[in-house]
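Following: one structure in structure tokens, then a few remarks.
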There are 4 protein chains.
Amino acid sequence: MANSKYEYVKSFELSDALLPHTWIVIRIDGKGFTRFSQAHGFTKPNDEQALRLMNEGARAVFEDLPDVCFGYGVSDEYSFVLKKNSKLYQRRASKLVSIIVSLFSATYVMKWGQYFPGKEIQYAPSFDGRAVCYPSDAILRDYLSWRQVDCHINNQYNTCYWNLVQSGSSPTEAQSLIKGTLADFKNELLHSRFGINYNELPPIFRKGSLIFRRKEETVVKVEDGVPVKRLKSQVVVTHEDLIKDRFWKENPSILGTAGSKKSAS
Amino acid sequence: MANSKYEYVKSFELSDALLPHTWIVIRIDGKGFTRFSQAHGFTKPNDEQALRLMNEGARAVFEDLPDVCFGYGVSDEYSFVLKKNSKLYQRRASKLVSIIVSLFSATYVMKWGQYFPGKEIQYAPSFDGRAVCYPSDAILRDYLSWRQVDCHINNQYNTCYWNLVQSGSSPTEAQSLIKGTLADFKNELLHSRFGINYNELPPIFRKGSLIFRRKEETVVKVEDGVPVKRLKSQVVVTHEDLIKDRFWKENPSILGTAGSKKSAS
Amino acid sequence: MANSKYEYVKSFELSDALLPHTWIVIRIDGKGFTRFSQAHGFTKPNDEQALRLMNEGARAVFEDLPDVCFGYGVSDEYSFVLKKNSKLYQRRASKLVSIIVSLFSATYVMKWGQYFPGKEIQYAPSFDGRAVCYPSDAILRDYLSWRQVDCHINNQYNTCYWNLVQSGSSPTEAQSLIKGTLADFKNELLHSRFGINYNELPPIFRKGSLIFRRKEETVVKVEDGVPVKRLKSQVVVTHEDLIKDRFWKENPSILGTAGSKKSAS
Amino acid sequence: MANSKYEYVKSFELSDALLPHTWIVIRIDGKGFTRFSQAHGFTKPNDEQALRLMNEGARAVFEDLPDVCFGYGVSDEYSFVLKKNSKLYQRRASKLVSIIVSLFSATYVMKWGQYFPGKEIQYAPSFDGRAVCYPSDAILRDYLSWRQVDCHINNQYNTCYWNLVQSGSSPTEAQSLIKGTLADFKNELLHSRFGINYNELPPIFRKGSLIFRRKEETVVKVEDGVPVKRLKSQVVVTHEDLIKDRFWKENPSILGTAGSKKSAS
């Protein structure tokens, strides 16, 4: 075959398979989204439509890749968790990262019009991605907690900052007033100066977005005018605490797929 | 800082830096494009608009990443070459792969309407990606030659196949007639049965697409009605042979950026 | 500094750090030991002195590297387990593999004379090594069970084979008689033809060697003629079953060092 | 087969193959050799016997592994270069590092008595190892130059330091006198205070040791009292400059071995 002379170049492709039986997290992150959000006039400190568009990208990933069992989104970042025992693409890091980031990016552009009707997208956004393995359920939960704590800290800071700036402070004044202060100070500031009760802000801002599959009663057909319901697995997006045990106890199937000793064998 | 308790999870991110001073090739490849091309009624064996849309994606990569010095596209696949001495993202494989595949995918969707006016995109396409290092200019050229030979072989086969099928053969008949035959046989078949001179088919089908920067005389302003030209670096797309030396001799700057011994030090 | 011109070459050293919080197993394996055992007249099917010399190499590894918490040896092979949370040499694979294999090899030669007095070592033996990560206790135990089952299967086969050959069978005859037979057949063969009760063979042959630290009552000094004992951590070598739970229950400290959720955080 | 239940653990072994068609350098380095050299009374600043013993270890590597084409030793460190196109052990890093470091260490102990007759080795020495790829001849030469410049700088410093200390200076005095000084100052110091002409010190101290294969006229037999000579490949150790072109021009086969038909080279 004419091509065989050159086919030796394939031998330069080295394996980047990830360790079996560990949780694979693919985290993607908007590249240059400060500029992107300004160019498109995103509301500050949070643009709900932009966040819901991110969730739409995540939903596309869930629909395409059944091995993705959990996702967590905050700001222009999303983390996707693959099942511990997933063998998708032989666990090759670049395959997994690229498929997810590609699908997410394409969906983001496709669905733009639904979330920003009448506002044209100025230029193509892009996301970077990376793959990280977590060897135990406890460490995976610590990873997710890390992201949710980050969401909280950043949101609290940004809420103070933008309220100050929008009410007349210069960026430097706003910064110097809140930098290094404790949570209580910021909550008090929001309350006394802007009448904002931080804990009553929309959960999507304070908690970020959780996406996962949940068995829900769904109308599958209507027989003689009577809706017939079945328990069906649905992709749902919620905005709740994932640091405490409650969420994981209420949704045991998320981490439960590879739990027992037997499944190791 | 409240988040420090969880920050240890960052230590699970392992380095995936690629060997310095080697040509990095990022190859991206449409996922499930047989289905995608059917769903969107792409012309067979080649859809020129679809190929030009791929080139648009490549152009976005060139505009965003100056370290990308060459690209080669065929069918639903594109290879991007980074300069040998590039330090972009510390040469981290997943960063490079994800940024390129993300930008390409987002641009593909954004520009869809320009290439398929009036035809709505049905669902988000996706591409996978991988990074491979090639240690010498000669091996890099062998890699690119491999892709262009592949383009030729596949195109010749597909041109025969689709002409047969479109003129009444069943897929099985078409396949069994041409499978394993030599180039001459296929050329003769195209000529005698369909009056097609293979070598006169559009170069974009036979040679694929080369994308690179070239210094070209460009009108930079008009003074007193006289256009003022300057040599400016332009991103150009051509459809020519890259296997023989000629192309590389005519465009020495593509591989020339890291050539001498000194630049190694 | 005169050397700075060349120091850029250090940048070609890529990271090979192993995933944190996983059990690292370094397995070393004699290279060409069929020839080595023949050249030195090792007893067949098992040379007890050669096995004890292997254990001496393992002991040196234990004395030098406190993070090694368990070892298992069979034939010319040894597996060393590093604590899950070890940070030794930043968990760099080549560092860990090389230090262990180097120390083992040097010790093997140094102690040769003690185990083979009067028999000169003919040439330097060598061992290869590799590092593998196991993400959970259960999988680590499966790994070790794998090696012990292998020890059993090989030993049973070899015991039959060498008794047949030593009693007059040709190698081919011996092989064809036992190849593919079940354990019971081999036990029966040993019993009926050679009067050997397999289960009464020395445990070091049937079970291999386990090496680990155990708190033992040790005489630390003698006061007024009375020996004073303390619980001290000793490196011990045993030859027992490690597949069933018993061994791990009796020695909980081996795997216990990184058990709780807290130590993950 | 009884063992199949556990054999899944093999899937945790990830590939660590090194990039094809690059020079692989395996560098090994004595672990804790300051203590080892004190424990064995090595002469300061250089112990010629200890250096020759290192060369003996290197010779064993050359005899065992034909793909090793060059070696360079200085102090307790040795670098081994594998041919660019070597496929030894499928270029797996841990295999290559471990085999070389193991053989070197075992040989070091075996040959100890020849170089230190009457002096017993106190404890097993050990070496660590790492593998690095260099993509071009020029960069490989820069790597080797880096090591030889290091040899020179360290040797000049140490020669001053130890002559000062051996003639009555305290370590602190010696250090503060020479630290940060230029080569000329050190040469002048050696000459004026100790009558030492640095350039007349033994080349093995100033240049380190080069080991490679060279075709040499060798007596292969004696016929009728007449020695019959043939050109035979011999492993030789020299102590010469490898930074300038001369050495490489005189020994073109060392780097020339990968220049086959492949347009790749």
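Tabulated results
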item	result
Some residue of region D:178-194 being polar (S, T, N, Q), more than 29 Å from the chain's Cα centre (by Cα), loosely packed, with under 10 Cβ neighbours inside 10 Å and under 30 Å from D:N154 (Cβ atoms)	yes
Every residue from region B:66-102 that is under 15 Å from the mean Cα position of the chain (by Cα), open to solvent by 10 Å² or more (accessible area, probe 1.4 Å) and not hydroxyl-bearing (S, T, Y)	B:C69, B:V74, B:D76, B:E77
Identity of the residue in region D:205-243, more than 25 Å from the chain's Cα centre (by Cα) and hydrophobic (A, V, I, L, M, F, W, C), that ends up farthest from D:R52 (Cα to Cα)	D:V226
Qualifying residue in region B:210-217 (condition: open to solvent by less than 70 Å² (accessible area, probe 1.4 Å), within 30 Å of B:N163 (Cβ to Cβ) and free of Cβ contacts under 8 Å to residues at least 40 places away in the same chain)	no
So A:L210, is it under 21 Å from A:L82 (Cα atoms) and among the aliphatic types (A, V, I, L, M)	yes
Residue count for region C:224-240, restricted to those that are farther than 30 Å from C:P252 by Cα and open to solvent by 80 Å² or more (accessible area, probe 1.4 Å)	2
Identity of the residue in region D:115-150, part of a loop (DSSP other than H, G, I, E, B) and under 28 Å from D:N85 (Cβ atoms), that ends up nearest to the other protein chains (Cβ to nearest Cβ)	D:P135
Flag for D:R206 being touching a Cys at 6+ places or on another chain (Cβ under 8 Å) and open to solvent by less than 40 Å² (accessible area, probe 1.4 Å)	yes
When residues of region A:34-54 are limited to those that are part of a helix (DSSP H, G or I) and open to solvent by less than 20 Å² (accessible area, probe 1.4 Å), the one nearest to D:S15 (Cα to Cα)	A:M54
Residues (open to solvent by 20 Å² or more (accessible area, probe 1.4 Å), under 21 Å from A:A93 (Cβ atoms) and either among the hydroxyl-bearing types (S, T, Y) or at the interface with chain A (Cβ under 9 Å from one of its Cβ atoms) (or both)) located in region B:1-26	B:K10, B:S11, B:E13, B:L14, B:S15, B:D16
Spans of helices (runs of 4 or more DSSP H) in region D:160-263 with at least 3 residues within 25 Å of D:N46 (Cβ to Cβ)	D:171-178, D:183-194, D:203-207
Residue within region D:122-132 that is touching a residue at least 24 places away in the same chain (Cβ under 8 Å) and surrounded by fewer than 19 Cβ atoms within 10 Å (Cβ to Cβ) present	yes
Tally of residues being closer than 24 Å to A:W248 by Cα, of a type in the set (D, E) and part of a loop (DSSP other than H, G, I, E, B) across region A:66-95	1
Unmet criterion (only one of (1) away from chain A (no Cβ under 14 Å); (2) open to solvent by less than 10 Å² (accessible area, probe 1.4 Å); (3) touching a residue at least 60 places away in the same chain (Cβ under 8 Å)) for B:C160	(3)
Residue that is at pLDDT 95 or above and surrounded by fewer than 12 Cβ atoms within 10 Å (Cβ to Cβ), where the choices are B:K244, B:K221	B:K244
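The values are calculated or read from the model by the stated rules, or taken from the named source; none is laboratory data. Being a predicted model, the structure only gives us computed values, none of them experimental. Here the Cβ is made from the backbone with ideal geometry for all residues, glycine too, and neighbour counts use every protein chain on show. Heavy atoms of the whole protein, side chains included, go into the accessibility calculation; ligands, DNA and RNA do not. Shrake-Rupley method; radii C 1.70, N 1.55, O 1.52, S 1.80 Å.
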